[in-house]
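Q: Have a look at this one before I ask anything.
Laboratory data are not the source of any read-out in this text; all were calculated from the coordinates shown. Everything numeric in this text was worked out from a predicted model, so none of it was measured. Here the Cβ positions follow ideal geometry from the backbone for every residue, glycine too, while neighbour counts run over all protein chains shown.
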């Protein structure tokens, strides 16, 4: 036996690794099994891919407080132990790949050469017993207690491969529990390519569905795969199968979850794998924010992981990956719109928010999705902006943010054959502003101005100005301007016109949960001289001015209610006022009998 020292620059490097390198103690199992898998894969490459009943075995010894991770892979000579174990952060993976350039590089999991030392997070002593595959090789035994000193001697192993024996410290004896190890193995190695045994019992390693081509996967396979990941969630509405080889390698499946009133966004919804080994479920940097509701799994050997392989380091590849995923989702949705439009429209309520937020936040996503952006019309049918513009004069899109399809103002537009777009999603107002900035169309709220299409100049009243003055005096509302106009529809008595820009600003602040009632200070009440109620005011303003004044107040109150321009706290008060007006009218009429 001879003694030697680890070739490191600091006597304190192992305590640093133990305390700071890895965020979770349990990662030691992932790292050591990954090393075992690499050892097997290297031998496969040397043997030309021949299968030789390769496997990884984990055994526990509660009495001796040890965990042993064994493989029947390439093994190591004494020189290789000195090179790859005794020199911290010297990665054997890259040197090996330099020798075997034809090897499938992504199958080598190890990269930093530090994974082995994660063993010291749970161990007071680590032994290695290894025998190289090389002819004439002798077994080697290496042992280190976590200091910079180690011992090396003849080993006892009689077949090629490596045993890593962990002598578990007193603070981590829970890892000797078989159920705990099984739980960790199911998390980290559920898709491992190499068979794994725990205390002689084979674990059910599965093939990840993302390895199959999308054309060979059935809907039931996609659903079953989803249920394995998210067993308590409702089935997803649809999915996207990712498979790219350039400029980086990426495979995976992303699902759109079913959204309902009980849906709660979750952080841990995308599981990240590196060569089929689970790495993390914190993937905010891979997906843009508007896609964070997605579920699924992504596997890529090209992801730039930090030294502990626990999180991403943001670089060009990660940004390209995020852009690629957005593009694939846009391609999938636009393809669905063109080939299965009915299904697309059925899915729209579940994907609407994602699409609209994507358009607002990603110009490339907007360019792809602008043609499939749809809204409901006032008649309940679906439409796109281009379809509306084909039927609307002045290339203008009329819209409403309130679902009042039975209101008289809707009838006024319908009478002119003008379709109204229903924009009552919480992000529709900023989206409309965005689409105007992009030159897609001009938008006008149906009560944002008095459009010329609603006027009937042929029936314009001669005394409109005096009628407006009378109603204004009757209302005694300093912030209300009254105009009397001849509207094409006789059924609408009065319309509140609110400045479009101010209304959009108010809607935006309301969406941000900021009280913005003060933004709109001036209102214009347009009364319709062709409506019977307004004509009654005109007839009664001289003979029965009190009755005419009360009707005027009623018209204004009805306009406030129908256009939902009443603050919730004032709603009962306005209803009460309308009741008082009717009572007063009744009294006046009865007194004149």
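Q: For the ranges 567-578, 377-388, what's the packing order if you count other beta-carbon atoms within 10 Å of each residue, average per peptide, and put the highest first? Before the final figure, lay out the partial values.
A: On the way: 567-578: 11.8, 377-388: 15.3.
For the peptides 567-578, 377-388, the packing ranking is 377-388, 567-578.
Q: If you don't mind, there's one more thing I want to ask. Which shape class applies to the stretch 452-591: rounded if a/c is under 1.5, otherwise prolate when a/b exceeds b/c and oblate if not, where a ≥ b ≥ c are the square roots of the Cα gyration tensor eigenvalues?
A: oblate
Q: Whole angstrom only: what separates the Cα centroid of the stretch 400-473 from the Cα centroid of the stretch 148-165?
A: Distance between centres, Cα-based: 83 Å.
Q: Shifting gears a bit: Sort 586, 489, 400 by Cβ crowding within 10 Å, fewest neighbours at the top.
A: On the way: 586 10, 489 19, 400 22.
Final ranking by Cβ density, sparse to dense: 586, 489, 400.
Q: Please arrange 210, 179 by how many other C-beta atoms lie within 10 Å of their C-beta, fewest to most.
A: If I rank by nearby Cβ atoms, fewest first, I get 179, 210.
Q: Between residue 219 and residue 171, what is 0.36 nm times their sequence separation minus the Cα-Cα distance? Round to one decimal in nm.
A: Details: separation 48, 0.36 × 48 = 17.28 nm, distance 4.68 nm.
In short, 12.6 nm is gained.
Q: Tell me, 351, 56 in order of fewest to most beta-carbon neighbours within 10 Å?
A: Working: 351 19, 56 27.
Ordered from fewest to most neighbouring Cβ atoms within 10 Å, 351, 56 come out as 351, 56.
Q: Take the Cα pairs of the stretch 373-445, get the Kirkwood Rh, then feed it into Stokes-Einstein at 20 °C and 1.002 mPa s and tell me D in µm²/s.
A: 174 µm²/s
Q: A further question on this structure: Please compute the length gained on full extension between residue 345 and residue 536, using 0.36 nm multiplied by the number of residues separating them and subtracting their Cα-Cα distance.
A: Contour length minus Cα-Cα distance gives 64.1 nm.
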